[in-house]
Amino acid sequence: MAHELPPLPYDYSALEPVIDTQTMKLHHDMHHGTYVKNLNAALEKYPSLQSKSAEELLRDLNAVPEDIRTTVRNHGGGHVNHTMFWKIMKPKAGGDPSGPIADVIKKTFGNFKDFQTKFNDAGGKVFGSGWVWLAGKPSGEVQIVTTPNQDSPISQGLFPIFGNDVWEHAYYLKYNNRRPEYLVAWWNVVNWEEINKRYKALKSGQREPALASR
Ligand code: MN
């Protein structure tokens, strides 16, 4: 079955004023839509790979035929990353986390504010396009990592608990070149309930989050 663009779980305007309507529309329909389209096109000549989830492909990129490896890395990564991104945001959200994710952040970074500062700094320092993540090891330990382009932490053996998209397409219409401002505002739409679900999946031994294509 072909990979599919998941519908946004809320209206294009739902994350206003943090993320503007036009950015959401272009970002979801055009950018994410293109990742899905190009991933499917690359897999056309490899029927045996079509039954694999995008996550499975990213977990072992060396097993992907060389002629489509870069496309799978970029567009499969784009599909998985954005599927996560829409879900870990919601309107009227943000605030301090609670539950197990709050506990592990406190344990690892001392307190939530220090964690936010480190996460924002890391996101601000990504040169060019990429992502900033809170990623987990199979042991349940967590760390802030950044990835270039659409690379997924899954390809490094890490579980992407949540991440923020720092490509210019994610913020430029509203924030222009002020990426740090976007990074700070973004916390107001973070969906801690969904992030707790993902962290619990890691803790329960899942190698990676629920499949993007389902
Ligand atoms: Mn994006």
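The values are calculated or read from the model by the stated rules, or taken from the named source; none is laboratory data. For clarity, every value in this text was computed on a predicted model and none was experimentally measured. Note that each Cβ is placed from the backbone with ideal geometry, even for glycine, and that neighbours are counted across all protein chains shown. With ligands, DNA and RNA removed, areas are computed over all heavy atoms of the protein, side chains included. Shrake-Rupley method; radii C 1.70, N 1.55, O 1.52, S 1.80 Å.
If R0 is taken as 35 Å, the Cβ-Cβ distance between Arg207 and Tyr10 corresponds to a FRET efficiency of 0.75.
For region 48-121, the carbon plus sulfur part of the accessible surface works out to 45%, probe radius 1.4 Å. Pairs Lys52/Lys203; Lys52/Lys92; Lys90/Lys118: which exceed 31 Å Cα-Cα? Distance filter (> 31 Å) returns Lys52/Lys92. Among Tyr175, Tyr12, the order of accessible area from largest down is Tyr12, Tyr175, computed with a 1.4 Å probe on protein heavy atoms.
Applied to region 116-129, the Karplus parametrisation 6.51 cos²θ - 1.76 cosθ + 1.60 on θ = phi - 60° returns per-residue 3J(HN,Hα) values of 4, 4, 5, 5, 5, 4, 4, x, x, 8, 5, 8, x, 9 Hz, with x for Gly and Pro. Contour minus end-to-end for Ser139 and Glu66, with contour as 0.36 nm per residue of separation and end-to-end as the Cα-Cα distance? Computed gain between Ser139 and Glu66 is 23.1 nm. At the residue level, Val184 shows approximately 90 square angstrom of accessible surface with a 1.4 angstrom probe and all protein chains present. Overall shape: oblate for region 20-214, with the ratio a/c of the largest to smallest alpha carbon gyration tensor axis at 1.5 or above and b/c at least equal to a/b.
With the simple spin-label model, which puts each label point 7 Å out from Cα in the Cβ direction, the Gln22 to Ala41 separation comes to 2.6 nm.
Using C-alpha pairs below 8 Å separated by at least 6 residues, the relative contact order for the chain is 26 percent. Heavy-atom accessible surface of Trp86, to the nearest 10 Å², is about 0 Å², with a 1.4 Å probe and all protein chains retained.
Take the chain with all the other protein chains still there, run a 1.4 Å probe, and you get 48 Å² of accessible area per residue.
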